[in-house]
Amino acid sequence: PRYRPDWASLDARPLPAWFDQAKVGVFVHWGVFSVPAWGSEWFWWHWQAEHRADYERFVQRRYPPDTAYTDFAPRFTAHDFQPREWARLFQRAGARYVVLTTKHHEGFTNWGSPVSWNWNSLDTGPHRDLVGELGQALRESNIRYGLYHSLLEWFNPLYLADKESGFKTQNFVLKKTMPELYDLVLKYKPDLIWSDGDWEAPESYWNSTSFLAWLYNNSPVKDTVVVNDRWCNNCSCHHGGYYNCADKYKPGTLPAHKWEMCSSIDKLSWGYRSNMNIAELMDEASIIEELVQTVSFGGNYLLNVGPTKEGVIVPIFQERLLALGRWLDTNGEAIYESKPWRVQMENSTDTVWYTSKGPVVYAIFLIWPQGNVLELSSPTPSPATQVSMLGFAGTLKWQKSPGKGLVITLPYMLPSPLPPQSGWTVKLEGVK
């Protein structure tokens, strides 16, 4: 079918199947904000638009007088950026797709945008096509490639003039936003477009529906590309492809529409901060808990890291990603290609979560039960029921519970003063 440039038509497009099957992605926030590496990726806004005292002090102490944000760009060197190493890390983390910031709200583009004169990674800073290099490495590793792109630019004079007009003029959209979106699609053929920066203006200003109609009808990725829901000031959770709804969105019940939860290892920022401390980072157990809850509710999990200005993903972020990957090596069968089951979590607790594949049900428990006995009240066993544990050879003993459900005897765990906590999966066959 041909899609019309209106939401009724665009929203009817079926979501390409690869996205729901993928479940796990890595988000990468990288740009000129990685140079001050302080506060967050909104550094420029907090400093120059809000004139926050802490940001002003930071610049005064660290940089020469009269420093402008544009002076940071030459220091965004990417000297140590090795795209193949990144791809290998993301693969070992279990990511099936990766989303890179091609342009954040600061307007600096990580590729040689023809309409971002001197404010792009080819003309200044790295003098490299960061978008293209990472894309090539990911494709070699068979990982899908998503491009994050901000519709707005905080301080672009064209945007500020359009805003002044109450968004009655569209010079910024026609000369900057749209040419860049078309350029990204034609040049890099992304599997996903992660739009952002939509919140100030309506769809009639952004021309989002015309772009999406072209994307779905005529673009080189028309059959495979997936988009999110940030295309206008009231699109979130209503229009687009899958829904993000809000950063770190947790629905609490099973949504009717495919969605994605984006989260960040650094709880205070999406971009790299040189002064982060360990208490401000997610630990392995909380990452796995977020992943499991998200997938049980039918979502995808997109976990963010912010590389340094040199292009290094710091070891603590690598460690967290590799821990996630090791967990998925054992438990991935319950995650990838899974579907929500009729029950998402065990009634009395949010420590047991369910996923399914055809007739097979997976119960993922986040805390090891006392006495090595796991009680599940939601599944109904039958004489043909078989129970096994992912990563453990053989079957497990079980019996029908006195009430309903079943009681499973888990393998014996070595004694430890701390309850082990990161999630295990029992596989249930022949249950209803």
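The values are calculated or read from the model by the stated rules, or taken from the named source; none is laboratory data. Given the structure is predicted, the values throughout are model-derived calculations rather than measurements. Note that we place each Cβ from the backbone using ideal geometry, even for glycine, and neighbour counts take in every protein chain shown. Calculation scope for accessible area: heavy atoms of the full protein, side chains included, ligands and nucleic acids excluded. Shrake-Rupley method; radii C 1.70, N 1.55, O 1.52, S 1.80 Å.
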Q. What helices (runs of 4 or more DSSP H) completely inside region 41-142 contain at least 1 residues that are in contact (Cβ under 8 Å) with a residue 40 or more places away in the chain and surrounded by 22 or more Cβ atoms within 10 Å (Cβ to Cβ)?
A. 83-92, 130-140
Q.
I'm trying to understand the selection: among the residues of region 13-34, which are assigned to a loop (DSSP other than H, G, I, E, B) and crowded, with 21+ Cβ neighbours inside 10 Å?
A. 23, 29, 30, 31
Q) Among the residues of region 272-307, which ones are polar (S, T, N, Q) and either touching a helix residue (DSSP H, G or I) at 6+ places or on another chain (Cβ under 6 Å) or closer than 27 Å to residue 257 by Cβ (or both)? A) 286, 293, 294, 296, 300, 304
Q | Which numbered condition residue 364 misses (of (1) open to solvent by 60 Å² or more (accessible area, probe 1.4 Å); (2) closer than 29 Å to residue 263 by Cα; (3) at pLDDT 95 or above) | A | (1)
Q: Would you mention how many residues in region 146-190 are in contact with a helix residue (DSSP H, G or I) (Cβ under 7 Å, 6 or more places away or on another chain), in contact (Cβ under 8 Å) with a residue 60 or more places away in the chain and among the charged types (D, E, K, R)?
A: 2
Q: Test residue 215 against the criterion of being in contact (Cβ under 8 Å) with a residue 12 or more places away in the chain, assigned to a helix (DSSP H, G or I) and closer than 28 Å to residue 168 by Cα, and give yes or no.
A: yes
**Q.** Tally of residues being farther than 12 Å from residue 305 by Cβ and within 17 Å of the chain's Cα centre (by Cα) across region 265-282
**A.** 2
Q. When region 213-233 is examined, which residues are found to be under 21 Å from the mean Cα position of the chain (by Cα) and over 19 Å from residue 200 (Cβ atoms)?
A. 221, 224, 225, 226, 227
**Q.** Residue check, residue 183 acidic (Asp, Glu), within 25 Å of residue 136 (Cβ to Cβ), open to solvent by 20 Å² or more (accessible area, probe 1.4 Å) and over 22 Å from the mean Cα position of the chain (by Cα)
**A.** yes
Q | Selection from region 303-343 of residues that are within 25 Å of residue 148 (Cα to Cα) and among the charged types (D, E, K, R) | A | 309, 310, 319, 320, 337
